[in-house]
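The values are calculated or read from the model by the stated rules, or taken from the named source; none is laboratory data. This is a predicted model, so every value here is computed, not measured. Ideal geometry is used to build each Cβ from the backbone, glycine not excepted, and the neighbour counts take in all protein chains shown. Ligands, DNA and RNA are stripped out before the accessible areas are found, and what is left, the full protein with its side chains, is counted by its heavy atoms. Shrake-Rupley method; radii C 1.70, N 1.55, O 1.52, S 1.80 Å.
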Amino acid sequence: MNNASLQAMFVTFKGQGDVLTLHTADPGTTKATARVAGNTDQVTTWPAGSNGSGTGSTVACPVNAGQTVTHVCLWHSSGQHVATYALPTAAVYSFAGVLNVTPTLTVLAG
């Protein structure tokens with residue numbers, strides 16, 4: 001697959017979701033499931049991208065004290081689930097804080 005094709009796919013995919021949320025477990029396809037207390041929808045801005053890849057803007061996701069973050073989800077602004085990412089290590093918050101999330105989208109050839 002050539003770079004122009006990869007880039008065209010990136011442009012299509014980046015339009016599918018820009019809302020990030022934090023969760024205490026895998027929420028499946030329901031945004032309210034296992035939602036981290038104190039976390040509100042956070043919006044990333046996707047770049048034009050290059051050769052099928054791009055990094056969204058970093059978003060500061062608020063987390064209340066006593067929460068453990070295990071998953072970050074990407075949603076369409078309509079609320080439709082796009083993707084779920086399980087953190088390699090849970091982020092435990094004894095005190096209120098912020099989890100900075102910088103999403104990356106890469107279309108793989110093959």
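Quick look at the numbers
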{"item": "Counted residues, segment 29-52 - those being closer than 29 Å to ALA109 by Cα and either at pLDDT 95 or above or aliphatic (A, V, I, L, M) (or both)", "result": "6"}
{"item": "So PRO47, is it open to solvent by less than 60 Å² (accessible area, probe 1.4 Å) and part of a loop (DSSP other than H, G, I, E, B)", "result": "yes"}
{"item": "Failed criterion for ASN64 (all others in (1) under 20 Å from GLY17 (Cβ atoms); (2) at pLDDT 95 or above hold)", "result": "(1)"}
{"item": "Failed item, numbered, when ALA8 is tested on (1) more than 29 Å from GLY97 (Cβ to Cβ); (2) of a type in the set (A, V, I, L, M); (3) open to solvent by 70 Å² or more (accessible area, probe 1.4 Å)", "result": "(3)"}
{"item": "Segment 52-72 residues that are at positive phi, paired with ones that are outside any strand (DSSP E or B) and aliphatic (A, V, I, L, M) (beta carbon under 6 Å, 6 or more apart)", "result": "GLY52/LEU6; GLY52/VAL107"}
{"item": "Restricting segment 82-110 to residues that are closer than 27 Å to GLY52 by Cα, open to solvent by 50 Å² or more (accessible area, probe 1.4 Å) and of a type in the set (Gly, Ala, Ser), the residue that is farthest from the chain's Cα centre (by Cα)", "result": "GLY110"}
{"item": "In segment 54-70, residue surrounded by the fewest Cβ atoms within 10 Å (Cβ to Cβ) [restricted to those that are in contact with a Leu (Cβ under 7 Å, 6 or more places away or on another chain) and not aliphatic (A, V, I, L, M)]", "result": "THR70"}
{"item": "Identity of the residue in segment 18-44, assigned to a loop (DSSP other than H, G, I, E, B) and within 30 Å of ASN3 (Cβ to Cβ), that ends up most open to solvent (accessible area, probe 1.4 Å)", "result": "ASP18"}
{"item": "Selected residue [of a type in the set (A, V, I, L, M, F, W, C) and out of contact with any strand residue (DSSP E or B) (no Cβ under 8 Å at 6 or more places or on another chain)] from LEU108, LEU99", "result": "LEU108"}
